[in-house]
Amino acid sequence: TLAHRVAGTAPSVSDSGVLVGTVTDQATGAPIVGATVVVEGTGLSATTDAEGRYRIAGVPAGRRTVKVRFIGYAPAVSAAEVVSGLEVSVDVVMGKSVQQLDEVVTTGTIVPTEVRALPTPVTIITGGDIRARQLRRTDEIFRGGVPGAFSYELGPEENVNSITVRGASSLVPGRNTIKTYLDGVEVVNDLFSLVDVNSIDRVEILRGPQASMIYGAGASGGVLQVFTKKGAFGLPRPRVEATASVGAIQSPYKSALQQDYALSIQGGTRDVTYNAGGAYSQSGEWVPQYSLRAPSAFAGARIIQGPLTVDLSARFMSRTFGDPWDPRLRAAGYPSFQTGPFVRNNIRLQTYGLTLGLTPVQGWQHSLTVGFDGMTRGFFNTRPRQADGLLQVFQGAQEKTSIRYHTSFEVPASTSLSAVVTAGAEYFSFNSQSSDSPGALVATGAIAFDPTQPPAVTRGIGSNTGVFAQAQVGVHNHLFLTAGLRGERNSSFGTNYGTAVAPRVGVSFVRPLGRVTVKARASYGEGLRPPEFSSNQDGRGFRSNPSLGPEEQVGGDGGLDLYLGSKLSFGVTYYDQTARGLISTVLVDPSTDPATFQFQNIGRVKNKGLELEMTLRLARLTLSGQYSVTNSAVLDLDATYTGDLRVGDRPLGIPKHSAGANATFSLSPRTAVNASLVYLGPRSNYDGLALFGLFYGGAPFRGSLRDYWITYPAVVKGNVGIQHAFTDQLAALLRVENLTNNLRSEAGNGVLIPGRRTTVGLRLTY
């Protein structure tokens, strides 16, 4: 894996030499572009160019250790004898990482860092993992695959996220989201579920409030980064892949057809790589009046020109679907549900990103990301629902434009000490607008309105600015220290609030003990989530709050990870976090018409829990699993709070126990079977069907909305998939979701969910 070649050159410094070489992939022999090559103990480093080459001048003479890092690969370490006045060649071959401890990530660190140095747990999902599990939606990653986190099956409502991480960080059910970046671009609404799985290269998930120190507003529960495919250097010709599958969706109401198609092409020249493609998904009416059509397209490219790297990415997705006509509500006899909703919805998403990376001198890197993310959503009635003949027309849009910059400097140190200092800043502007016309007489073309029900128009604008600095120190490659601080200003903060501060500290200690490598870690951080941009503006029925601040989550976690080579890993994490300053509406003046409300920071929730995870890799079997215990309870509520929660309550929708498992078994070199399992323990939430009866059916009120809380039983669901390659170019696919046809409610009984879904397909690669 290492070749030494010495050739005489003119030395620039009498007691130093030059290191040169090429870094290549062990499996394919292709050059690895963008790998970081470090001469340990000198502060000298370089980044490989479009041909995988590097050159480091001014290396002190003597025996030196060269270390190479690249995302997705195990670090490679080689020794070199640097001769004064000469050029020494060290060619390095890197293999894909098979031990998580050696994985290189950027989430939570900005600069590429090995997992061994991270003080907080990070989950890594690769495009290969997604391919092996034949996932249709990206939020399925959280169905049993991420400790301390889960995602509900939402059926016709799958166009919104339901990801919950480490308990409740809001008094509003369903707002416990995780901040999402797509190729470094902050997305406008965290709709991770609507990222095309065919475009994903890898996903990195950091749990806990420590993420806010780098990623700022909205990352109080953690951060999720999606990196899309950009092609590969050195391919002899473009690579084309096409997939087509068709199948059946079962439900208690009717069966329907499911179709999925995808096409992509990737390639690369000497200094440019590219990847582009599209997909189309369609599902029929497995519940009356609901069907889905979802085309999408994506593209990405990488350009290397000397010390400059340019990354480009774009995506577009459209989803057209109808509101379901719930047969249960129709059968209950509620007058409002004796005719269908007759609603047509459309959601469009688009994201564009440009990242410039520059390494002007060895050990000093700069990165600038400019991005735009936007969503439009509209719906209208295709025919009247009620006898009054009125229709509803809604159109809304959200846009976020962002710019992020950071710089990292590797501080020259000794052979036993390494240090990296990173600083950065980011800014984004947000704009939303909507118009709602519940009294429309015509739903298309020139809209006419009932004068007694005029349209309502709303607009929200805002901005956020954050700056941060972080230092990472490594001692003898065993002890790693991380510390950082962030300042944040947001236009939705009250005028008297000022700057929000988010610190972070952490330590990781790694030591081999015989055949087992042990990693102990601990970290503390404070996370931020600003108020909604429209929540602190004066308007009809609302008064701004000059003291309104962000919702915060404060606390730490600690854990122990054990690694037995590349075959077995086991991790345990305990966390203790407090969500404070939680926001709710408060009645401040009942005498006005309408009554006047205000958003205030009035509540606290305690989140404590335990996360266990395990991975076993054998010759033909890969098995992973996780189990989580989440203890959440309301600690405090101001007297002004008028919602349904009480001190001591467990927040709604949060199960105490959750678990998941995934197994891939190779029956033969060409046939693989994958099976996965998700478990959600009992959890409390509203009785959605009873509330429909209250609001739309004239059922008597029970006295309070707390009287509509019920406990939903545990849910266990499993998926099975088989892939068989007839040739290197052609493979057959089979996947069965919800294998046992379990129809138990997950988020609540007001949400319809499908039964068993079976699809078969073909994948063609050329």
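Just how large is the dipole of the range 345-448 about the Cα centre, in debye to the nearest 20, putting +1 at every Lys and Arg Cβ and -1 at every Asp and Glu Cβ? Could the numbers behind the result be given before it?
Values: 6 positive and 6 negative charges, 65 e Å.
Taking the Cα centre of the range 345-448 as origin, the dipole is about 320 debye.
Could you pull out the trypsin sites (Lys or Arg not before Pro) across the range 55-95 that fall in loop regions by DSSP (anything but H, G, I, E, B) with no more than 15 other Cβ atoms inside 10 Å? Please report the intermediate quantities before stating the final value.
Working: sites: Arg55, Arg63, Arg64, Lys67, Arg69; in loops: none.
Here no trypsin sites (Lys or Arg not before Pro) fit, given the DSSP loop and packing criteria.
For the range 117-251, what proportion of DSSP beta bridges, expressed in % and rounded to the nearest 5, is antiparallel?
If I count the DSSP bridges inside the range 117-251, around 80 percent turn out antiparallel.
Could you quote the convex hull projected area for the range 503-627, Cα atoms only and averaged over all directions, in nm²?
About 11.3 nm², averaged over all directions.
Between Leu587 and Asp271, what is the label-point separation in nm under the 7 Å Cα-to-beta-carbon projection?
Once both label points are built, they end up 6.9 nm from each other.
Give the ranking of Leu623, Leu224 by solvent-accessible surface, highest area first, calculated with a 1.4 Å probe.
Largest accessible area first, the list is Leu623, Leu224.
What is the distance in Å between the Cα centres of the range 263-299 and the range 332-408?
17
Considering only C-alpha atoms, what is the centroid distance from the range 127-141 to the range 610-681, in Å?
Centre-to-centre (Cα) distance: 17 Å.
To the nearest 20 debye, what is the magnitude of the charge dipole of the range 500-615 about its Cα centre, counting +1 on the Cβ of each Lys and Arg and -1 on the Cβ of each Asp and Glu?
Rounded to the nearest 20 debye, it is 620 debye.
Using a simple charge model, +1 on the beta-carbon of Lys and Arg, -1 on the beta-carbon of Asp and Glu, nothing else, what dipole does the chain show about its Cα centre, in debye to the nearest 20?
My answer is approximately 1440 debye.
Using the charge dipole of the chain (Lys, Arg: +1 at Cβ; Asp, Glu: -1 at Cβ; taken about the Cα centre), state which of Gly660, Phe695, Leu582 has its Cα farthest towards the positive end.
Result: Gly660.
Ranked from highest to lowest mean number of other Cβ atoms within 10 Å per residue, what is the order of the peptides 76-89, 551-564, 692-705, 436-449?
Working: 76-89: 17.4, 551-564: 20.8, 692-705: 12.7, 436-449: 14.6.
Listed from highest to lowest mean packing, they are 551-564, 76-89, 436-449, 692-705.
Give me D for the range 160-236 in µm² s⁻¹, whole number, from Stokes-Einstein with Rh from the Kirkwood sum over alpha-carbon pairs, 20 °C and 1.002 mPa s.
My calculation gives 160 µm²/s for D.
With the cut-off at 16 Å, report for the range 423-504 the share of all Cα pairs above it, as a whole percent.
More than 16 Å apart: 71 percent of the Cα pairs in the range 423-504.
Among Val68, Val93, Ala117, which residue has its Cα positioned farthest towards the positive end of the charge dipole of the range 67-199, with +1 placed on the Cβ of Lys and Arg, -1 on the Cβ of Asp and Glu, and the dipole taken about the Cα centre?
Checking the options against the dipole of the range 67-199, the answer is Ala117.
Sorted from largest to smallest, which semi-axis lengths in Å does the alpha carbon gyration tensor of the range 254-305 give for its equivalent ellipsoid, taking the root of 5 times each eigenvalue?
Each semi-axis is the square root of five times an eigenvalue, giving 37, 9, 4 Å.
Run the simple label-point estimate for Gln350 and Leu564 please: 7 Å along Cα→C-beta, distance reported in nm.
Distance between label points: 5.4 nm.
Among Val510, Leu485, Pro531, which residue has its Cα positioned farthest towards the positive end of the charge dipole of the range 479-539, with +1 placed on the Cβ of Lys and Arg, -1 on the Cβ of Asp and Glu, and the dipole taken about the Cα centre?
Val510
Which whole-Hz ³J(HN,Hα) couplings does the range 371-383 yield from phi under the Karplus relation 6.51 cos²θ - 1.76 cosθ + 1.60, θ = phi - 60°, glycine and proline marked x?
Each residue's phi maps through the Karplus curve to give x, 9, 9, x, 9, 10, 9, x, 8, 7, 7, 7, 7 Hz.
Which whole-Hz ³J(HN,Hα) couplings does the range 662-674 yield from phi under the Karplus relation 6.51 cos²θ - 1.76 cosθ + 1.60, θ = phi - 60°, glycine and proline marked x?
Each residue of the range 662-674 in turn: 9, 9, 10, 10, 8, 5, 7, x, 10, 10, 10, 10, 10 Hz.
Figure the gain on full extension for Ser463 and Val172 (residue separation times 0.36 nm, minus the Cα-Cα span) and round it to one decimal in nm.
Extra length from Ser463 to Val172 when fully extended: 102.5 nm.
For Thr711 and Ala30, FRET efficiency with R0 = 56 Å and r from the beta-carbon atoms, rounded to 0.05?
0.50
Taking only the alpha-carbon atoms of the range 542-608, what semi-axes of the equivalent ellipsoid follow from 5 times the gyration tensor eigenvalues under a square root, in whole Å, largest first?
Working through the eigenvalues yields semi-axes of 45, 10, 9 Å.
On average, how much area does the Cα convex hull of the range 315-413 cover when viewed from any direction, in nm²?
Result: 10.7 nm².
Any idea of Met317's accessible area? Nearest 10 Å², probe 1.4 Å.
For Met317, solvent-accessible area is about 20 Å².
Calculate, for the chain, the solvent-accessible area per residue in square angstrom, rolling a 1.4 angstrom probe over the heavy atoms of the protein chains.
Per-residue value: 41 Å².
In square nanometres, what is one fourth of the surface area of the convex hull spanned by the alpha carbons of the chain?
Answer in nm², one decimal: 33.5.
Working out 0.36 nm times the residue gap between Leu441 and Ala639, then minus their Cα-Cα distance, what length gain in nm do you get to one decimal? Intermediate values should be presented prior to the final figure.
Numbers: separation 198, 0.36 × 198 = 71.28 nm, distance 4.47 nm.
Extra length from Leu441 to Ala639 when fully extended: 66.8 nm.
What are the ³J(HN,Hα) couplings of the range 405-417, residue after residue, when phi is run through the Karplus curve with 6.51, -1.76, 1.60 and θ = phi - 60°? Round to Hz, x for glycine and proline.
Per-residue couplings from phi come out as 9, 8, 9, 10, 10, 7, 6, x, 9, 8, 5, 9, 9 Hz.
For Leu235 and Ala595 in one chain, what is 0.36 nm times their gap in residues minus the Cα-Cα distance, to one decimal in nm? Provide the component values of the computation, followed by the final result.
Numbers: separation 360, 0.36 × 360 = 129.60 nm, distance 6.62 nm.
Length gained between Leu235 and Ala595: 123.0 nm.
Using protein chains only and a probe of 1.4 angstrom, how many square angstrom of Thr664 are accessible, to the nearest 10?
40
Taking each pair of distinct Cα atoms in the range 333-478 once, what is the resulting Kirkwood hydrodynamic radius in Å?
It works out to 20.0 Å.
For the pair Leu308 and Gln433, what calculated FRET efficiency results from E = 1/(1 + (r/R0)^6), where r is the Cβ-Cβ distance and R0 = 35 Å, to the nearest 0.05?
Values: r = 38 Å, r/R0 = 1.08.
Computed FRET efficiency for Gln433 and Leu308: 0.40.
Enumerate the amide H contacts of Ser463 below 5 Å, restricted to partners 5 or more residues apart or on another chain; note that Pro and chain-start residues carry no placed amide H.
Phe430, Ser491, Ser492
The values are calculated or read from the model by the stated rules, or taken from the named source; none is laboratory data. Not measured: the values here are computed from a predicted model. Positions of Cβ are generated from backbone atoms using ideal geometry, with glycine treated the same way; all protein chains shown enter the neighbour counts. Remember, those area values only see protein heavy atoms, side chains included, never the ligands or the DNA or RNA. Shrake-Rupley method; radii C 1.70, N 1.55, O 1.52, S 1.80 Å.
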